[in-house]
Amino acid sequence: MAGFQLQRRGGRLIRRLVELVVGLALLWLAGMVRFADSIPLAVEEPERRSDAIVVLTGGSGRLDEGLNLLQQNMADRLFISGVYQGVDVKTLFTIFQHNPQELEARIGIGTAVNTTGNASETALWIKTGGYKSMRLVTASYHMPRSLLEFHHAMPDIDIIAHPVFPEHVKVERWWAWPGTMGLIAREYNKFMFAWIRQAWEKLGAGKATG
């Protein structure tokens, strides 16, 4: 009898664990769908001028778009965040076939290795320049996490989202493309880790001031 009761308890425990796992999986899936819906499908306020343009390197089309925006005088300065150390502006111009010498003085270069670092070094550059607004250029799928990090680092700065759209990323019907679905799933996980980290930092700051 005792063995039977123990077996029943074990069965209930396993059932509850399965229900918990399934519930967490459904919650994660619902969150990913909501995250995918937040990925921009168009450039925000394409005609609006800002104090600065910030490009996050690491994907196709981003730097080229940033240089084009600077040439169109959409801002006074361009900051390229995430460039490897030792890469200078002239090299960038050569790689991307842009060669207007007068633009060189208007470009700054950073060395961040991740999105959190992008936000931190950009915040310092923005503060040093005294800028109040910026146009953020990165891939569409990377934009939600970038905005999360940048708003956290620069809550008082007006940020205009300017996504670029890599051809291999099919955002509009992401569920029909395994490669895009995997990319969005990884990006969603990174977004959640960033959100949790920021919430923990705010909790710690609240305890410190309290």
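Structure data summary
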read-out	value
Residues of segment 134-178 satisfying the condition of being at pLDDT below 95 and over 13 Å from Gly59 (Cβ atoms)	Lys170, Val171, Glu172, Arg173, Trp174, Trp175, Ala176, Trp177, Pro178
Any hit, segment 193-206, residues being in contact with a Lys or Arg (Cβ under 6 Å, 6 or more places away or on another chain) and without any contact (Cβ under 8 Å) to a residue 12 or more places away in the chain	no
Members of segment 68-86 found to be modelled with pLDDT of 90 or more and either in contact with a strand residue (DSSP E or B) (Cβ under 9 Å, 6 or more places away or on another chain) or on the phi > 0 side of the Ramachandran plot (or both), listed by number	Leu69, Leu70, Asn73, Met74, Ala75, Asp76, Arg77, Leu78, Phe79, Ile80, Ser81
Verdict on Val89 being under 23 Å from Ser146 (Cβ atoms), at pLDDT below 80 and touching a helix residue (DSSP H, G or I) at 6+ places or on another chain (Cβ under 9 Å)	yes
Hits in segment 138-176 - residues which are farther than 13 Å from Ala42 by Cα and either surrounded by fewer than 16 Cβ atoms within 10 Å (Cβ to Cβ) or small (Gly, Ala, Ser) (or both)	Ser146, His151, Ala153, Pro155, Asp156, Asp158, Glu167, His168, Arg173, Trp175, Ala176
Cβ pairs under 7 Å, 6+ apart, first in segment 166-186 and basic (Lys, Arg), second surrounded by 11 or more Cβ atoms within 10 Å (Cβ to Cβ)	Lys170/Trp177; Lys170/Thr180
Subset of segment 33-66 that is within 15 Å of the chain's Cα centre (by Cα), assigned to a helix (DSSP H, G or I) and touching a residue at least 60 places away in the same chain (Cβ under 8 Å) - its residue that is nearest to Thr111 (Cα to Cα)	Arg62
Residue within segment 92-112 that is modelled with pLDDT under 95 and on the phi > 0 side of the Ramachandran plot present	yes
Residue within segment 171-180 that is of a type outside the set (Lys, Arg) and closer than 25 Å to Leu67 by Cβ present	yes
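The values are calculated or read from the model by the stated rules, or taken from the named source; none is laboratory data. Just so we're clear, the structure is a prediction, and the values are computed from it rather than from any experiment. When we count neighbours, we look across all protein chains shown, and the Cβ atoms used for this are built from the backbone with ideal geometry, even at glycine.
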